[in-house]
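The next block holds one structure in the form of structure tokens; read it before the comments.
The values are calculated or read from the model by the stated rules, or taken from the named source; none is laboratory data. For clarity, every value in this text was computed on a predicted model and none was experimentally measured. Positions of Cβ are generated from backbone atoms using ideal geometry, with glycine treated the same way; all protein chains shown enter the neighbour counts. Each accessible area value is taken on the protein alone, full model and side chains, heavy atoms only, with ligands, DNA and RNA left out. Shrake-Rupley method; radii C 1.70, N 1.55, O 1.52, S 1.80 Å.
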Amino acid sequence: MHRILITEDEPRIAAFVKKGLSAQGFMTEVATTGESAITMVLNSDFDLMILDLGLPDKDGHEVIEALRGQGAVLPIIILSARDDIGDKVTGLNAGADDYLTKPFRFEELLARVNARLRQTAGHSQTPEAEQVLRAGDVVLNLLTRQVQVGRKTIDLPAREFTLAEVLFRHSGQVLSREQLLDQVWGYDYSPGSNIVDVYVGYLRKKLGNDLIETVRGMGYRLRG
């Protein structure tokens, strides 16, 4: 049974993540400070850590650097409200394996946890394959959070990038507006909102009008 350390000082979020992971069969513990997280990782046998950046005593980046500097190799998934590209690049360069922004859907966090555990076990794709998603001449780089359209590189705002990532991960599948709302906006949306249509429009202008197909009465589909 895999053991996961949740490093989060917000009780509501920590309890939500702990309850969800426990229901999936994981053993979980919670650390509320950076120092306690470092001590727990170095003195116990955790398989993965979920890490908030805004801890009361240390910035999460310092926690990662301290752990990597002392030889800790467990996968680290950053779970943070910071959606600035600089924070994401800093975290990944410091040694984090993945970055998920708040608000989030538990299903996506679970998928990323399972992917990192599979990688550790040696059953995943190569790191390069995991970090790059393609559709036609458009390339989505999950590490740099940039999009390549032909020879042009585009930086997308955080929410647009998340929407693009969901569509790319389900290339060829029809996703309803409700599914996209659930996966991209989580609990941070109004069910009657047309926000999905607005953001699909943004992506079409930047990635090409033909890339995202409207399936009448059903939703949207990314052309592979």
**Report entry** Accessible surface, the chain, averaged per residue in Å² (probe 1.4 Å)
**Finding:** 50 Å²
Query raised in the report: Between ASN114 and ARG3, how many nm apart are label points set 7 Å from Cα along the C-beta direction?
Result: 2.4 nm
Query - Calculated [θ] (222 nm, deg cm²/dmol) that DSSP helices of n ≥ 4 give over the chain, each run adding -39,500 (n - 2.57) - result: -12500 deg cm²/dmol
Query raised in the report: So what's the angle, to the nearest 10 degrees on a 0 to 90 scale, between helix 34-43 and the longest Cα principal axis of the chain?
Result: 70 degrees
Requested in this report: Give the shape of region 1-69 as rounded, prolate or oblate, defined through the alpha-carbon gyration tensor: a ≥ b ≥ c are the square roots of its eigenvalues, a/c under 1.5 means rounded, and otherwise the shape is prolate if a/b is larger than b/c and oblate if not.
Outcome: oblate
Requested in this report: Rounded to the nearest 0.05, what FRET efficiency do GLU62 and ALA121 give with R0 = 41 Å and r taken as the Cβ-Cβ distance? Could you check?
Outcome: 0.90
Requested in this report: For the chain, evaluate the Debye formula with one uniform point scatterer on each Cα (no solvent term) and list log10 I(q)/I(0) at q = 0.14 Å⁻¹, rounded to two decimals.
Outcome: -0.91
Query raised in the report: Put ASP9, ASP84, ASP98, ASP45 in order of accessible area, largest first, 1.4 Å probe: what do you get?
Result: ASP45, ASP84, ASP9, ASP98
